[in-house]
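Undergrad: What follows is a single structure, and I will ask about it in a moment.
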Amino acid sequence: MTRPNEQYAYFTVTGDFEPDSVSERLQLEPSDSWKKGGRNEVTHYERKFSRWSLRSRLQDTEKLEDHIRDVLDQLASRAEQVRELVDELGRGEIECVGHFHASYPGFTLERHLIAAMARMNLELDCDFYYLYSDRRDDS
């Protein structure tokens, strides 16, 4: 039997900064963060930049658009602080990740989500992994 698609989204900023300072400025705890110079536990290499991320609170089986909406909802009351942070660090984005086991469901963003991202100067990056095949017996 084919596994269900898994999708999620998160807001992330990267650069040369103290992750705790981002938490303090946004008054939010990150879902994940690390500091430049720390050790990556997977690769064992030194991290070349700091990162602070806030992930969607939804189950990974929900639609990708709903994950983006949830992340933007978490940031909405802090939109000006997010914009200032992104402008200062030079880059902030909404990262979308899809592991498509069953089929590709398509991807559309409603204009109000695009507008919310634009107000915060956020980029959009999508990493989609197609893990299904028409040739598999379980497809």
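The values are calculated or read from the model by the stated rules, or taken from the named source; none is laboratory data. Everything numeric in this text was worked out from a predicted model, so none of it was measured. Methodologically, a virtual Cβ is constructed for each residue, glycine included, from the backbone with ideal geometry; neighbour enumeration extends over all protein chains shown.
Undergrad: Just to verify a result, which residue in segment 35-57, among those that are of a type in the set (Phe, Trp, Tyr) and over 15 Å from the mean Cα position of the chain (by Cα), is surrounded by the fewest Cβ atoms within 10 Å (Cβ to Cβ)?
TA: In this case the residue turns out to be 45.
Undergrad: How many residues are over 30 Å from residue 130 (Cβ atoms) and either surrounded by fewer than 16 Cβ atoms within 10 Å (Cβ to Cβ) or out of contact with any helix residue (DSSP H, G or I) (no Cβ under 7 Å at 6 or more places or on another chain) (or both) when one looks only at segment 3-24?
TA: Filtering segment 3-24 down to residues over 30 Å from residue 130 (Cβ atoms) leaves 15-24.
Cutting the leftovers down to either surrounded by fewer than 16 Cβ atoms within 10 Å (Cβ to Cβ) or out of contact with any helix residue (DSSP H, G or I) (no Cβ under 7 Å at 6 or more places or on another chain) (or both) gives us 16, 18-21, 23-24.
The number of residues fulfilling the criteria is 7.
Undergrad: For residue 87, state whether it is under 22 Å from residue 117 (Cβ atoms), in contact (Cβ under 8 Å) with a residue 12 or more places away in the chain and more than 17 Å from the chain's Cα centre (by Cα).
TA: Details: under 22 Å from residue 117 (Cβ atoms): yes; in contact (Cβ under 8 Å) with a residue 12 or more places away in the chain: yes; more than 17 Å from the chain's Cα centre (by Cα): yes.
So residue 87 fits the description; yes.
Undergrad: Do the conditions hold for residue 104, that is, is it over 15 Å from residue 10 (Cβ atoms), among the aromatic types (Phe, Trp, Tyr) and without any contact (Cβ under 8 Å) to a residue 40 or more places away in the chain? First the steps, then the outcome.
TA: Details: over 15 Å from residue 10 (Cβ atoms): yes; among the aromatic types (Phe, Trp, Tyr): yes; without any contact (Cβ under 8 Å) to a residue 40 or more places away in the chain: yes.
The answer is yes for residue 104.
Undergrad: Condition check: surrounded by 12 or more Cβ atoms within 10 Å (Cβ to Cβ) and over 18 Å from residue 122 (Cβ atoms). Does residue 30 satisfy that?
TA: Numbers: surrounded by 12 or more Cβ atoms within 10 Å (Cβ to Cβ): yes; over 18 Å from residue 122 (Cβ atoms): no.
Taking the combined requirement at face value, the residue does not satisfy it.
Undergrad: Among helices (runs of 4 or more DSSP H) lying entirely in segment 47-132, which contain 2 or more residues that are of a type in the set (Phe, Trp, Tyr)?
TA: Numbers: elements: 64-75, 79-89, 111-119.
The helices (runs of 4 or more DSSP H) meeting that bar number zero.
Undergrad: For the condition modelled with pLDDT of 95 or more and more than 16 Å from residue 14 (Cα to Cα), what is the one hit in 82, 71, 42, 86?
TA: On the way: 82 fails: more than 16 Å from residue 14 (Cα to Cα); 42 fails: modelled with pLDDT of 95 or more; 86 fails: more than 16 Å from residue 14 (Cα to Cα).
Of the residues listed, the single one that is modelled with pLDDT of 95 or more and more than 16 Å from residue 14 (Cα to Cα) is 71.
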